[in-house]
Structures are given as C-alpha cells and as structure tokens.
1. Would you tally the residues in the stretch 188-232 being of a type in the set (Gly, Ala, Ser), touching a Gly at 6+ places or on another chain (Cβ under 8 Å) and part of a loop (DSSP other than H, G, I, E, B)?
2. Here is a check on your reading of the model: is Pro7 modelled with pLDDT under 95, part of a helix (DSSP H, G or I) and more than 28 Å from Pro142 (Cβ to Cβ)?
3. In the stretch 79-89, is there at least one residue being in contact with a Leu (Cβ under 6 Å, 6 or more places away or on another chain) and at pLDDT 95 or above?
4. Filter the stretch 73-127 for residues that are among the aliphatic types (A, V, I, L, M), farther than 19 Å from Thr45 by Cβ and either without any contact (Cβ under 8 Å) to a residue 24 or more places away in the chain or part of a strand (DSSP E or B) (or both) and give the result.
5. Yes or no: the stretch 196-206 includes at least one residue that is more than 26 Å from Phe123 (Cα to Cα) and out of contact with any strand residue (DSSP E or B) (no Cβ under 8 Å at 6 or more places or on another chain).
6. Mind listing just one residue for me: the one in the stretch 53-71 that is outside any helix (DSSP H, G or I) and touching a strand residue (DSSP E or B) at 6+ places or on another chain (Cβ under 9 Å) and, of those, surrounded by the most Cβ atoms within 10 Å (Cβ to Cβ)?
Amino acid sequence: MTTPAAPLTPPSPSGLDAVEQEIARACRDARRARAGVTLIAVSKTFDAPAIAPVIAAGQRVFGENRVQEAKGKWPALMAATPGIALHLIGPLQSNKAREAVALFDAIHSVDRDSLCEALAKEFSRQPRRPELFVQINTGEEPQKAGVAPQDADAFIARCRDVHGLTVSGLMCIPPADEAPAPHFALTAKIAARNGLTKLSMGMSADFATAIAFGATHVRIGSAIFGTRTRPL
C-alpha cells in the first residue's frame, strides 16, 4: 500500500474551528439547525500523525476514499479514541465489500447492482450494517462513478426490492467546471421523491451552497487538513 503523503499545510484545530463557524453561518442563512448537518472531515491521503490533532480538537466523523488506505491507519486511531465514525466516500470495488462493511460506518458510493449484491451478501455474514448512500452522477461524466439521474429511481427501487438493502440517502459530486447549485437541487429532488432524507453533498469550495439545498452531510478536507501533495 502506498504511504499517504504528508500535507503541505499542516492541519490544526483552527482550521476545524473555521469550518465549524462557516457551517454554523450557512445553517443560519438557510434557517436550518446546525445539528442537522454532519461534518465529514476528509482525511484521505493524510497519515495518522496529521489526523491526530483534528481528533484531539473534537472531530469524530471522518471520510476516506480507499479501503486499503483506511485499513492501514484507522484501526489504531479508532482504538485510541472511542466514538469515531468512518465514512467511505470513494468508489467501492465489489471485491472489497467485506472489508468495507467491517470497517466503515457509512458507504456513500453505492452505484451498481453487482456492488449491491456484494453488500447484501456481507450483510448476511456480518453483524454490521453501514448506512448506504446511492451516488448520483448528476453531470453524467463518463470518468466519474455514480448512477445517471434518469436511472436513479429504478436503481433505488432495486436496492430495496431486489437486494434487500436500506438506502439512507444520496451523494453527488458536481462537475468541477459547473455551478454546483443545479446539481445539488437535482440530487435533493431525486431524494425527496424516493423518500430519502439524507444528502451527502458539498465540499470545501461549495458546502455553504450545499447546505442551502438541504445537505445533511458535507465532506470537507483541504479546509481542515491543508493542501495535499498528490491528487487522487
């Protein structure tokens, strides 16, 4: 496994504090309760020493992109600090379903039937039940994972009726070169008509907009941890 790169800008409690203040402000502007938005501190590519100060500052929900990377650093961190919740926010290979179910408390990237089958099989074998979010590819970008918006209703129905899975919400990542608001609005609309109450949307650059459109989970990395030395 590749060792996560150290950040160029070290994380600090002040970064977390600033993000918390911005989330609180966005919630006030949207006339929403702060308790209705979960901050996922995205720690992908950062090692345990970089994560430790953020844990010490009180953050308890973290996001990772890769199962193998998370396995290499989180078991010890979680053993040292009870109450941490770990979310998988990157694509999940079906052959990693067993490890993902064992480690993560939520999986944000459910997007195909083969993965649903693998997750359902692991749910029958393991006592753990991570929350599941269906990823919507709102921009229909060929290089990006996720279900096309026009296929979302049928896929969510199959998750429930064919695979026996409980879907908690939806996740989206808007195209980098487009305004995020229409993508957040579309995701919220799909969620509403399918009776889903949780929305994982919004990152460091656009989480305030996401909160205005109903995000219940925002995924923020660089604003907390600093600049990464390598892309994912």
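The values are calculated or read from the model by the stated rules, or taken from the named source; none is laboratory data. The shown structure was predicted, so the numbers you read here are calculated from the model rather than taken from an experiment. With ideal geometry, Cβ positions are generated from the backbone for all residues, glycine too; neighbour counts draw on all protein chains shown.
1. Final tally of qualifying residues: 4.
2. On the way: modelled with pLDDT under 95: yes; part of a helix (DSSP H, G or I): no; more than 28 Å from Pro142 (Cβ to Cβ): yes.
Judged against the criteria, Pro7 is not a match.
3. So far as the stretch 79-89 goes, no, none of its residues is in contact with a Leu (Cβ under 6 Å, 6 or more places away or on another chain) and at pLDDT 95 or above.
4. The first filter runs over the stretch 73-127 and keeps only residues among the aliphatic types (A, V, I, L, M), leaving 76-80, 84-86, 88-89, 92, 97, 100-103, 106-107, 110, 115, 118-120.
Subsequent filtering for residues that are farther than 19 Å from Thr45 by Cβ retains 79-80, 85, 97, 101-102, 106-107, 110, 115, 118-120.
Scanning the stretch 73-127 gives Ala79, Ala80, Ala85, Ala106, Ile107, Val110, Leu115.
5. Yes; the residues of the stretch 196-206 include at least one that is more than 26 Å from Phe123 (Cα to Cα) and out of contact with any strand residue (DSSP E or B) (no Cβ under 8 Å at 6 or more places or on another chain).
6. Just the residues of the stretch 53-71 that are outside any helix (DSSP H, G or I), to begin with: 57-66.
With touching a strand residue (DSSP E or B) at 6+ places or on another chain (Cβ under 9 Å) added as a condition, the list becomes 59-66.
Values: Gln59: 21, Arg60: 15, Val61: 17, Phe62: 27, Gly63: 25, Glu64: 25, Asn65: 18, Arg66: 20.
Once the filter is applied, the top-ranked residue is Phe62.
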